[in-house]
Every structure is written in C-alpha cells, then in structure tokens.
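FYI, it's all coordinate maths here, none of it is from the lab. Since the model is a prediction, treat every value here as computed from it, not as a measurement. Glycine also receives a Cβ, built like all others from the backbone with ideal geometry; neighbour counts cover every protein chain displayed.
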Amino acid sequence: MSDYRDEDPRIHGIRTKIRVVPNFPKPGIMFQDITTLLLDPKAFKDTIDLFVERYKGKNISVVAGIEARGFIFGPPIALAIGAKFVPMRKPKKLPGKVISQDYTLEYGRDRMEMHVGAVEAGDRALVVDDLIATGGTLCAAMDLLERVGAEVVECACVIELPELKGREKLNGKPLYVLLEYYPEA
Amino acid sequence: MSAGTNEDPRILGIKTKIRVVPNFPKPGIMFQDITTLLLDAKAFKDTIDLFVERYKGKNISVVAGVEARGFIFGPPIALAIGAKFVPLRKPKKLPGKVISQDYILEYGRDCLEMHVGAVEPGERALVVDDLIATGGTLCAAMDLLERVGAEVVECACVIELPELKGRERLNGKPLYVLVEYY
C-alpha cells in the first residue's frame, strides 16, 4: 500500500474514480479502467496537473505516448510543458517511415513503431501510458527512443501493478506513478 | 480552399505542419499525417486553442473522441472547457458494458463502441476526430451519443476532405474544421 501521510490530497480523488472490471479481457484479470476517471473533469485535470508539476521546467522536449490510452494522458502533459508529442503505435498505423521494436507479451509477441525523424539525438523524453503491468510495453518504447539517441528521463503512468514487477524490468530507468493497485487478498 | 481573408493567422502555421503521405494506406490515397503537427508545440497548442475558443462557455458537458487520433485532440479540449472526455472505441477495447454502432466503410463494415453510463440524456456533446473523409465514422459517433439522449452540438475536426462530401452525410449537424485539403 502507499503511505498516505505524504500523499498529495488530489491522489485520493483520482484513485476513487478508477473502476476495476473483473475478468477483462480474460478470466482472472482485474482490469483498471481509467475511462471513469475521464468522466470527472476535476479528477482528470488533477491527474494531468500532478504530472505537469513534476516535469515542467525540466527541459523535457518529447512526450512519447503509447497507443491508445497513452494518447489520452500524453498530449495534455506535452502541451502544458511545451514538449512535442510523439505517438508510439501498433504496426502499420503510422504512414511515414518508421523504426520498429518487437517485444514479448505473456503469450506471443507484439511490435511498436515510431516515425523516423520525430525524435532527435539529445532529446530528453518522457514515456507516458495509463498503466504499467509487466513493463514490456514501456521497455519497447524506451528502446525506440534510445535507439535514436534520445535520453529517457522517466516513465510516467497513472497506475502501477507492483506485483507484476514492471518497475524492475525498466533497467534502472525511473518510474513515476500516481497510484499502486494491489489485488485484495 | 478556405477563405484566406478571414482566416485566423494561426491556421497557416497549422496547415504547413500537416504532412501528406502519398499512397498510404493504399495506392491513390493522399494520407493527411497529423503527427508532424504534434511535433511543433506551438502549432499543436494553436490547434487546441482554436477549438477551445470556439467551445468555451457554450455549456458543452461531453467531448467524445474517436479512437485513436481523436484521443490526441479531444482530451486537451475537454480539459480546457471543463467537459468530460468519452473515448469511442473499436470493438472489444472498452472493459465495461457498451453500446455499439455498426457503420459502412468503403469496403466492408466497422463498429464503434461507447461505455454505457458515460453520457447521460440531455448532455451537450462535441465529437472530435483528426479528419473527416466520407463522414461514416462521425455519423456512427453521433448515433451513439443521440441513442443515449445527448445532443450533438457540433463535430470538430482538424482537417476536412471536402471532395468526399462527408459534411453532407452529417444530416445537418454542424461541422467545424480548421483546414480543408483538396
């Protein structure tokens, strides 16, 4: 559990807005649904503000958001801190020349793509997604950014599932999350 | 073409940032790539500001964004005008109970879904996407909102392809775009 004593008062309001949907997309998974958070303008704004307060004035030039829920949180952060927004997409969605990174899923493989030229060597980047589980997706995103010479400053997610140990998979890269979710014993 | 004389000076900067990619996703299509717009922090901000200036203070309670590029433009607008954001998604992506709307594509069919309970009767809604082509997707989005009793105030897109006559397909619903591409 988080230590609530130092927790920003906005966090509680955000936590209560996330809906847990059992057995989605398959039995045994407790899905963290952020769409209910987006229905509360104050809680959604608080979510963005917490990230913006952390990253403003840190010379972040790129916010990379992972399709599709990273597209909801990434752009407002990018706009507020004056960074460019770069979508990281599933295969064949981006129209221009891309670089690709394969990664492993629990069952099978997937591939993430980024436009060539979107990010330049020396860019300081954030990676944004709604949630970190095993960390595979975030690692693929970091790999793409580092392959073009950017520095990944931090990964930022609304929710972490600590039991899946995604944080350890990030190879020492910092991870900042607003909430941790532990299944009830 | 847009009427240049009354055009907001920010529009030209936005237009020049959109990259046209020939023959994507198939031969003959000139794809309007907005990712290059997102690389210019000022032009992206101007894009959002133009929509926010139009819709602020109009009692819009819902911004509905069409997956996936509508997720890039919709939330910043929603945040700035104090509305909720509702994602309209391809099938099987939303975890809760959904309502679905089938629609026709050039070849075949597709389906758009919205969470039950996200939008309530009487809400005033915007539909946001990056581009309107034939209008099929926007119509499906409007249908979902109207089926739950919301009022679609306007559809808002960055780009319109006027030759595909999407505007006419919207059944009289207003459409606001920043840039037309011929």
Spelling out what I want: for every residue of region A:110-124, take phi, set θ = phi - 60°, compute 6.51 cos²θ - 1.76 cosθ + 1.60 (Karplus), and round to whole Hz; glycine and proline get x.
9, 9, 10, 10, 9, 5, 4, x, 5, 10, 10, 4, x, 4, 9
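Determine the dipole magnitude for region A:4-180: charges of +1 sit on the beta-carbon of Lys and Arg, -1 on that of Asp and Glu, nothing else is charged, the reference point is the Cα centre, and the result goes in debye to the nearest 20. It would help to have the intermediate numbers written out before the result.
Numbers: 26 positive and 25 negative charges, 83 e Å.
With only Lys, Arg, Asp and Glu charged at Cβ, the dipole is about 400 debye.
Counting only C-alpha contacts under 8 Å and six or more residues apart, can you give the relative contact order of chain B as a whole percent?
Values: 343 pairs, mean separation 31.2, N = 182.
Normalised by residue count, the contact order of chain B is 17 percent.
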Would you grab the residues whose amide H sits under 5 Å from the one on A:A156? Only those 5+ places off in sequence or on another chain, please, with H modelled 1.01 Å from N.
A:V127, A:V128, A:D129, A:Y176
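Would you mind finding the longest exposed-site-free stretch of chain B, with exposed GluC sites (Glu not before Pro) meaning DSSP loop and at most 15 other Cβ atoms within 10 Å?
Values: sites that count: B:E7, B:E106.
Between the exposed loop sites, the longest stretch runs B:8-105.
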Extending each Cα 7 Å along its Cβ direction at B:K26 and A:V20, get the distance between those two points in nm, one decimal.
4.6
Which distance in Å, rounded to a whole number, links the C-alpha centroids of region A:10-40 and region B:28-45?
32
Give the total of Lys-Lys pairs in region A:14-155 with Cα-Cα distances below 23 Å; include a pair only if its members are 8 or more places apart or on different chains.
13
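Per residue of A:21-33, how many C-beta atoms from partner chains lie within 10 Å of its own C-beta, taken as a mean? The partial results should precede the final answer.
On the way: counts 4, 1, 1, 4, 3, 0, 0, 0, 1, 0, 2, 1, 4.
If you average over the peptide's residues, the count of other-chain Cβ atoms is 2.
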Quick one: Karplus J couplings for region A:84-94, per residue in order, coefficients 6.51, -1.76, 1.60, θ = phi - 60°, nearest Hz, x for Gly and Pro?
7, 10, 10, x, 9, 10, 5, x, 6, 8, 7
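Can you give the alpha-carbon Rg of chain B over 2.2 N^0.38 Å, where N counts its residues? Before the final figure, lay out the partial values.
On the way: Rg = 15.9 Å, N = 182, 2.2 N^0.38 = 15.9 Å.
My calculation over the Cα atoms of chain B gives 1.00.
So, R0 is 51 Å and r is the distance between the beta-carbons of A:K92 and B:K97; what FRET efficiency does that work out to, to 0.05? Write down the numbers at each step before the final one.
Working: r = 31 Å, r/R0 = 0.60.
Plugging the Cβ-Cβ distance into 1/(1 + (r/R0)^6) gives 0.95.
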With helices defined as uninterrupted DSSP H runs, which ones in chain A have an alpha carbon span along their own long axis of at least 24 Å and mean Kyte-Doolittle hydropathy of at least 0.0?
none
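Suppose every Lys and Arg Cβ carries +1 and every Asp and Glu Cβ carries -1, with no other charges. What dipole size does the protein assembly as shown come out with about its Cα centre, to the nearest 20 debye? Mind dumping the intermediate values first?
On the way: 50 positive and 51 negative charges, 75 e Å.
My answer is approximately 360 debye.
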Sort out for me the Cα centre separation of region A:122-144 from region B:155-177, rounded to whole Å.
36
Karplus-derived 3J(HN,Hα), 6.51/-1.76/1.60, for each residue of region A:18-35, Hz, glycine and proline x:
8, 9, 9, 10, x, 6, 10, x, 8, x, x, 8, 9, 7, 8, 8, 8, 5
If we count other beta carbons within 10 Å of each Cβ, what is the order of A:I11, B:I48, fewest first?
A:I11, B:I48
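Provide the gained length on full extension for the span B:D8 to B:K165, in nm with one decimal, where the gain is 0.36 nm per separating residue minus the Cα-Cα distance.
Working: separation 157, 0.36 × 157 = 56.52 nm, distance 2.41 nm.
Between B:D8 and B:K165, full extension yields 54.1 nm more.
For the peptides B:28-38, B:78-88, what is the packing order when you average, over each peptide's residues, the other Cβ atoms within 10 Å and list the highest mean first? Walk me through the numbers on the way to the answer.
On the way: B:28-38: 18.4, B:78-88: 23.7.
Descending mean neighbour count gives B:78-88, B:28-38.
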Kindly work out what percent of the DSSP beta bridges joining two residues of region B:1-151 are antiparallel, to the nearest 5.
55
